[in-house]
Amino acid sequence: MANRKKPVWLTIVGEVTDAEQHTNRLELVTEGYLYEENGVTCITYDETEVSGMAGTTTTVKMDGTRVSVIRMGEVNSLMEFERDVRMTTMYATPFGEIPMDVTTTNVSLDYNQDMEPTELDLKYAVDLQGKPSSTNKLRITVRNNHVQTKA
């Protein structure tokens with residue numbers, strides 16, 4: 001993969017179940033890029049109106065059993081996922097920062113024969129300001145984009 005960005009198609013499915021057990025599901029298909037940075041496999045894509053985060057670029061870094069999701073733009077956040085690990089972060093929104101705890105219950109990565117990721121599954125719980133807020137599932141499926149791009 002070297003250091004060049006390879007265009008890929010991403011199918012991103014998110015499912016959020018709130019404290020009252022109401023579930024919202026969002027599915028987004030978008031173009032993104034797959035690349036390697038300092039020995040870590042990365043995917044980057046631009047959020048859309050559908051996700052409610054237009055103007056934000058999301059980067060997903062996959063390093064063994066640890067996954068980081070970095071959002072920069074209208075929404076800024078850093079979330080790190082490692083099975084059975086609780087992480088505290090600040091979730092920055094246009095309305096201010098909110099303290100957020102993330103407890104990961106599952107991280108699953110599948111790779112193709114070239115050791116490129118084909119599917120990422122995350123399951124985690126979110127507590128906002130110390131109170132249980134939601135349980136979440138995130139699945140990102142990566143497919144090659146066979147469209148040639150100019151160098």
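Here are some notes:
- For the range 31-48, a tally of residues being over 13 Å from Pro117 (Cα atoms), open to solvent by 20 Å² or more (accessible area, probe 1.4 Å) and assigned to a strand (DSSP E or B) returns 3.
- Residue in the range 107-133 that is nearest to Tyr91 (Cα to Cα), counting only those that are open to solvent by 40 Å² or more (accessible area, probe 1.4 Å) and of a type in the set (D, E, K, R): Lys131
- Restricting the range 58-90 to residues that are buried (at least 16 other Cβ atoms within 10 Å of the Cβ) and among the hydroxyl-bearing types (Ser, Thr, Tyr), the residue that is modelled with the lowest pLDDT: Ser77
- Residue within the range 93-100 that is modelled with pLDDT under 95, closer than 20 Å to Arg25 by Cα and not in a loop (DSSP other than H, G, I, E, B) present: no
- The numbered conditions (1) touching a residue at least 12 places away in the same chain (Cβ under 8 Å); (2) closer than 23 Å to Glu116 by Cα are all true for Ser77 except (2).
- Subset of the range 52-83 (residues that are farther than 19 Å from Tyr33 by Cβ and assigned to a strand (DSSP E or B)): Arg66, Asn76, Ser77, Leu78, Met79, Glu80, Phe81, Glu82
- With respect to (1) crowded, with 17+ Cβ neighbours inside 10 Å; (2) under 14 Å from Val142 (Cβ atoms), the lone exception for Thr104 is condition (2).
- Which numbered condition Asp114 fails, given (1) in contact (Cβ under 8 Å) with a residue 40 or more places away in the chain; (2) in contact with a strand residue (DSSP E or B) (Cβ under 6 Å, 6 or more places away or on another chain): (2)
- Enumeration of residues in the range 101-114 that are assigned to a strand (DSSP E or B) and not aromatic (Phe, Trp, Tyr): Asp101, Val102, Thr103, Thr104, Thr105, Asn106, Val107, Ser108, Leu109, Asp110
The values are calculated or read from the model by the stated rules, or taken from the named source; none is laboratory data. The model shown is predicted, which means the values in this text are computed figures rather than measured ones. Positions of Cβ are generated from backbone atoms using ideal geometry, with glycine treated the same way; all protein chains shown enter the neighbour counts. Areas reflect the complete protein model, heavy atoms only, side chains present, ligands, DNA and RNA absent. Shrake-Rupley method; radii C 1.70, N 1.55, O 1.52, S 1.80 Å.
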